[in-house]
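A.B. asks: Handing you this structure, nothing more for now.
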């Protein structure tokens, strides 16, 4: 249980079918106004999730921003209370939209993201994951991302640490990951995702960035309900060889097996491979 407590987390991304509903983002508004039964009506609410998670033996959680039905302070305080009651740590708020490198809307999106960083602070999240940019990595887009992060750091009123991820075009290569993080001088952390690098250089690319990783999205592939152990083992070995000490956040989005069974398979495999 000690290893599970410190080294394993679960993302709400992995519990789409349990939660069912999502709340699509409107980048022109700071309000959450819509609701969609993206994965059906669901059988659990986000407010009820902390106790359910704890009952399954997990006590670290990442919440995707589109799973929050409101940014009202009363709702956020209630969710924070439920996390505290269940003794579940909110590891990260995953801010899942916005493009600080957009040639037209970069300021709007940066301001919108800054508002969600404040939501992370209100929830007591340890981290807020921000998309570095969706444009191709060029000197001007990397500069725009750098400027955006500097604005976010200045606007951040709390203790939540801002991190980014090897995700979307801007950070689609190790070179761009290193360039941006070097310029930020450690003020922004890295969440390394197993599944965001693909192709023949995947393992070499993960090996390059993992010495910088503070967090990890441990996504496994499932084929007909069976975990692809070869790929998962390689990814975990790369992280462990880099002396990664953070939690592995379980990412599951396959149709088979069920969500809780898929998460258990990932958890047990990771724990069996820790050095």
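A.B. asks: Treat region 189-275 as a sphere of radius equal to its Kirkwood radius over Cα pairs and apply Stokes-Einstein at 4 °C in a medium of 1.567 mPa s; give the translational diffusion coefficient in µm²/s, rounded to a whole number.
C.D. replies: For these conditions, the coefficient is 100 µm²/s.
A.B. asks: Okay, next question. Would you please report the Å³ per residue occupied by the convex hull of the alpha carbon atoms in region 2-273?
C.D. replies: So the per-residue hull volume is 122 Å³.
A.B. asks: Another question, then. Compute the length gained on full extension between residue 231 and residue 175: take 0.36 nm times their separation in residues and subtract their Cα-Cα distance, giving the result in nm to one decimal.
C.D. replies: Length gained between residue 231 and residue 175: 17.9 nm.
A.B. asks: How many angstrom lie between the C-alpha centres of region 92-115 and region 1-52?
C.D. replies: Cα centroid to Cα centroid, the span is 20 Å.
A.B. asks: Another question, then. Report the relative contact order of region 2-273, percent, no decimals, based on alpha-carbon pairs under 8 angstrom and at least 6 residues apart.
C.D. replies: 17 percent
A.B. asks: May I ask what percent, to the nearest 5, of DSSP beta bridges between residues of the chain are antiparallel?
C.D. replies: So the antiparallel bridges in the chain amount to around 10 percent.
A.B. asks: Using mean Cβ contacts within 10 Å as the protection proxy, how do 98-106, 59-67 order, highest first?
C.D. replies: Going by the mean number of other Cβ atoms within 10 Å, highest first, we get 59-67, 98-106.
A.B. asks: Still on this structure: Sorted by average packing, counted as other Cβ atoms within 10 angstrom per residue and highest first, what order do 29-42, 226-239 take?
C.D. replies: Put in order of decreasing packing, that is 226-239, 29-42.
A.B. asks: I would also like to ask the following. Consider a paramagnetic label point 7 Å from the Cα of residue 104 along Cα→Cβ; state which residues of region 16-34 have an amide N under 18 Å from it.
C.D. replies: Label zone hits: 26-29.
A.B. asks: Counting helices only, and only those DSSP H runs with n ≥ 4, report the 222 nm mean residue ellipticity of the chain as the sum of -39,500 (n - 2.57) divided by its residues, in deg cm²/dmol to the nearest 500.
C.D. replies: So the helix-based figure for the chain works out to -12500 deg cm²/dmol.
A.B. asks: Work out Dmax and Rg for region 170-222 from the C-alpha atoms and quote the Rg first, both in angstrom.
C.D. replies: Considering region 170-222 through its Cα atoms, Rg and Dmax are 11.1, 37 Å.
A.B. asks: Roughly how compact is region 94-168, stated as its Cα Rg over 2.2 N^0.38 Å to two decimals?
C.D. replies: It is 1.02.
FYI, it's all coordinate maths here, none of it is from the lab. Source: prediction; values computed, not measured. Backbone-built Cβ (ideal geometry, glycine too); neighbour counts: all protein chains shown.
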